[in-house]
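Asks: A single structure is presented below for examination.
Values quoted throughout were computed directly from the atomic coordinates according to the rules given, and no laboratory measurement underlies them. Quick caveat, the model's predicted, so the values are computed rather than measured. So basically every Cβ, Gly included, is an ideal-geometry build from the backbone, and we count neighbours across all protein chains shown.
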Amino acid sequence: MSRNRSRWGLLWKLLGVAGLAGVAASGAVVARAERRRRAYTPDEVRARLQERAAAAREQAAQQDGAQQDGAQQDAAQDGAAQGQASR
């Protein structure tokens, strides 16, 4: 009886290993197809990077402008508060 059990155990173990190998192989095939689909020419990569860099510079400039506006408002409020305090 234990001999039959060990054979069934071995069978299930082999089926499990085969299933894992099949999942890994299909994942590799899907990943390869995705890489091919997303393959860009060097010019496309360069253009995308330049677009992203320009967008990042624009966003940084907007944030710097907002911070400077806030600093100017704070300075104006501090000046007004000091002027009232000296009266």
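Asks: By how many nm would the segment from A31 to L49 grow when fully extended, if each residue of separation counts as 0.36 nm and the alpha-carbon distance is taken off? Provide the component values of the computation, followed by the final result.
Replies: Working: separation 18, 0.36 × 18 = 6.48 nm, distance 2.32 nm.
Value of the extension gain: 4.2 nm.
Asks: How far apart, in nanometres, would the label points at L20 and A66 be if each is projected 7 angstrom from Cα along the Cα-to-Cβ direction?
Replies: Result: 4.9 nm between the two label points.
Asks: Going by a ≥ b ≥ c, the root eigenvalues of the Cα gyration tensor, does the stretch 1-65 fall in the rounded group (a/c under 1.5), the prolate group (a/b larger than b/c) or the oblate group?
Replies: Details: a/c = 12.04, a/b = 3.23, b/c = 3.73.
Oblate, because a/c is 1.5 or more while a/b does not exceed b/c.
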